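Novice: Before anything else, here's the structure in question.
The values are calculated or read from the model by the stated rules, or taken from the named source; none is laboratory data. It should be emphasised that the depicted structure is a prediction, and the values quoted were computed from it without experimental measurement. Here the Cβ is made from the backbone with ideal geometry for all residues, glycine too, and neighbour counts use every protein chain on show. SASA here: full protein model, heavy atoms, side chains in, ligands and nucleic acids out. Shrake-Rupley method; radii C 1.70, N 1.55, O 1.52, S 1.80 Å.
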Amino acid sequence: METQWMMEFPHKNMDKRPRKRPRLTWDMPPLVPPPPKVLPAFYCGQEFTNGAVPNYAYSSVYYNGVLHNGSPPWRPDDKDGHYVFVVGDYITPRYRILSKMGEGTFGRVLECLDSERKEIVAIKIVRSIHKYREAAMIEIDVLQKLARHDIGGTRCVQIRHWFDYRNHICIVFERLGPSLYDFLRKNSYRSFPIDLVREFGRQLLESVACLGWNYPCDVWSVGCILVELCSGEALFQTHENLEHLAMMERVLGPLPPHMIIRADRRAEKYFRRGVQLDWPEGATSRESMRAVWKLPRLQNLIMQHVDHSAGDLIDLLQGLLRYDPSERIKAREALRHPFFTRDMRRRLYLLSLILLFEGCWGRKNEVVMRPVFLFPPLFFYLFFFPSQFLH
């Protein structure tokens with residue numbers, strides 16, 4: 001016998017709500033008797049279909065009784081707060097675990113079978129630590145906002161569902177292919193060809209621009225990703241704040257004094273006399289100092305790995321990785337940068353040549369060529385002024 005209890009909670013738009021959000025269902029003590037010890041399962045969430053976002057409400061569902069495809073016996077989390085699982089287990093009666101897809105700072109991603117929709121999904125199971133749960137709820141808000149702007153669901157990963165299970169926020173996504181990092185790893189961390197980097201960059205910036213997203217931090221992230229795709233290595237490989245700042249200055253030059261002056265008191269410990277980075281004096285180890293000193297300047301880093309288009313890419317990256325967010329290039333501006341537009345001109349040039357000598361198949365599969373004199377202005381312009389397309 002299955003019973004359920006539901007309660008709706010109002011939810012405000014992410015852009016209008018304060019930094020400290022109101023307490024949600026998983027912050028509050030249960031309003032129903034606790035589940036049986038044999039099969040404890042707390043399940044809540046929302047359903048998303050084809051990018052459509054329902055009304056903002058949190059639904060809590062409590063299953064009582066033993067189900068055929070029930071949840072496994074309760075297991076304690078590991079020492080880091082990760083959910084402990086076994087392949088073949090069920091996460092709620094709906095999702096059967098098929099394999100582990102990956103693991104990161106926030107949690108683990110499992111490949112699961114959705115028994116209701118009969119499809120393979122990816123479930124991100126967030127660590128049962130308060131700050132990561134908070135971050136997961138913000139991520140859900142962001143995904144909802146992106147879904148509203150992503151008409152057709154082709155520009156951003158699609159959230160299918162979310163729920164709270166045994167103190168873990170679980171976010172259900174469509175299952176996609178390997179990430180760029182996985183692709184790099186399988187390629188032995190070798191750099192990508194510049195034309196592929198250009199295409200990746202164009203897609204990233206188009207997604208940021210077309211989804212109505214206009215946060216300078218995302219543009220900075222695109223710049224870091226492009227450098228990683230070119231070099232095969234992450235640009236700033238550190239988790240220590242001072243070392244990170246030192247790496248940034250090593251690659252991009254000194255931090256602007258006006259930004260240092262405006263920094264809050266928590267940042268004072270990283271600077272000497274309030275205007276200069278406390279490096280290398282503040283380094284925690286010689287290994288940390290070596291990690292910074294081995295980094296080349298941005299121009300040299302790119303020229304080590306990029307043949308043609310190096311100048312355009314360096315100029316684009318200097319706009320994407322500008323320190324002051326107010327001066328950083330916007331996504332739509334970046335798409336008009338010569339690093340992308342020169343390539344488009346080359347494509348247009350080649351396409352125009354194809355059109356000049358376009359062939360069509362006759363009845364007996366004979367190629368009939370269109371004569372060049374049918375397009376005299378275009379022919380004249382292309383062959384006497386090709387630099388307009390190729391530079």
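Novice: So in the stretch 195-227, with the set limited to residues that are touching a Lys or Arg at 6+ places or on another chain (Cβ under 8 Å) and open to solvent by 20 Å² or more (accessible area, probe 1.4 Å), which one is farthest from residue 149 (Cα to Cα)?
Specialist: Restricting to residues being touching a Lys or Arg at 6+ places or on another chain (Cβ under 8 Å) and open to solvent by 20 Å² or more (accessible area, probe 1.4 Å), the top hit is 220.
Novice: So, one more: Out of everything in the stretch 79-92 that is free of Cβ contacts under 8 Å to residues at least 40 places away in the same chain and either among the hydroxyl-bearing types (Ser, Thr, Tyr) or loosely packed, with under 11 Cβ neighbours inside 10 Å (or both), what residue ends up being nearest to residue 126 (Cα to Cα)?
Specialist: Filtering first and then ranking leaves 79.
Novice: Here's something else I'd like to know. Could you identify the single residue in 172, 197 that is part of a helix (DSSP H, G or I), over 15 Å from the mean Cα position of the chain (by Cα) and not charged (D, E, K, R)? Before you say what the answer is, go through the steps one by one.
Specialist: Values: 172 fails: part of a helix (DSSP H, G or I).
Answer to the check: 197.
Novice: I've got another one for you. What's the number of the only condition in (1) of a type outside the set (Gly, Ala, Ser); (2) open to solvent by 10 Å² or more (accessible area, probe 1.4 Å); (3) modelled with pLDDT of 95 or more that residue 146 fails to meet?
Specialist: The single condition residue 146 does not satisfy is (3).
Novice: Just the residues that are more than 27 Å from residue 77 (Cα to Cα) and in contact with a helix residue (DSSP H, G or I) (Cβ under 7 Å, 6 or more places away or on another chain), please, taken from the stretch 101-156.
Specialist: 155, 156
Novice: Condition test on residue 164, is it outside any loop (DSSP other than H, G, I, E, B), under 21 Å from the mean Cα position of the chain (by Cα) and in contact (Cβ under 8 Å) with a residue 24 or more places away in the chain?
Specialist: On the way: outside any loop (DSSP other than H, G, I, E, B): yes; under 21 Å from the mean Cα position of the chain (by Cα): no; in contact (Cβ under 8 Å) with a residue 24 or more places away in the chain: yes.
No, not satisfied.
Novice: Any idea which of (1) at pLDDT 95 or above; (2) open to solvent by 40 Å² or more (accessible area, probe 1.4 Å) is the one residue 152 doesn't satisfy?
Specialist: The single condition residue 152 does not satisfy is (1).
Novice: Separate question: Could you check the stretch 307-340 and list, in sequence order, the residues that are on the phi < 0 side of the Ramachandran plot and either modelled with pLDDT under 90 or open to solvent by 70 Å² or more (accessible area, probe 1.4 Å) (or both)?
Specialist: Step one: filter the stretch 307-340 for residues on the phi < 0 side of the Ramachandran plot, giving 307-308, 310-340.
Matches in the stretch 307-340: 307, 308, 315, 318, 322, 326, 327, 330, 332, 333, 336.
Novice: Quick check on the stretch 164-210: of everything there that is of a type in the set (Lys, Arg) and in contact with a helix residue (DSSP H, G or I) (Cβ under 7 Å, 6 or more places away or on another chain), which residue is farthest from residue 228 (Cα to Cα)?
Specialist: 202
Novice: Go through (1) open to solvent by less than 20 Å² (accessible area, probe 1.4 Å); (2) at pLDDT 95 or above one by one and return the number of the condition residue 124 breaks.
Specialist: Tallying (1) open to solvent by less than 20 Å² (accessible area, probe 1.4 Å); (2) at pLDDT 95 or above, residue 124 fails exactly one: (1).
Novice: Report yes if residue 192 is buried (at least 19 other Cβ atoms within 10 Å of the Cβ), more than 16 Å from the chain's Cα centre (by Cα) and part of a loop (DSSP other than H, G, I, E, B), otherwise no. Even if it seems obvious, please write down each step before you answer.
Specialist: Values: buried (at least 19 other Cβ atoms within 10 Å of the Cβ): yes; more than 16 Å from the chain's Cα centre (by Cα): yes; part of a loop (DSSP other than H, G, I, E, B): yes.
In short, yes.
Novice: Conditions first: (1) of a type in the set (Gly, Ala, Ser); (2) under 19 Å from residue 155 (Cα atoms); (3) at pLDDT 90 or above. Residue 207 passes all but one, so which condition is the exception?
Specialist: Every listed condition holds for residue 207 apart from (3).
Novice: What's the total number of residues in the stretch 282-301 that are assigned to a helix (DSSP H, G or I) and either open to solvent by 30 Å² or more (accessible area, probe 1.4 Å) or more than 16 Å from residue 247 (Cβ to Cβ) (or both)? Spell out the reasoning first.
Specialist: If we filter the stretch 282-301 for residues that are assigned to a helix (DSSP H, G or I), which is where we start, we get 286-293, 298-301.
Adding the requirement that they be either open to solvent by 30 Å² or more (accessible area, probe 1.4 Å) or more than 16 Å from residue 247 (Cβ to Cβ) (or both) leaves 286-287, 289-290, 293, 299-300.
The qualifying residues number 7.
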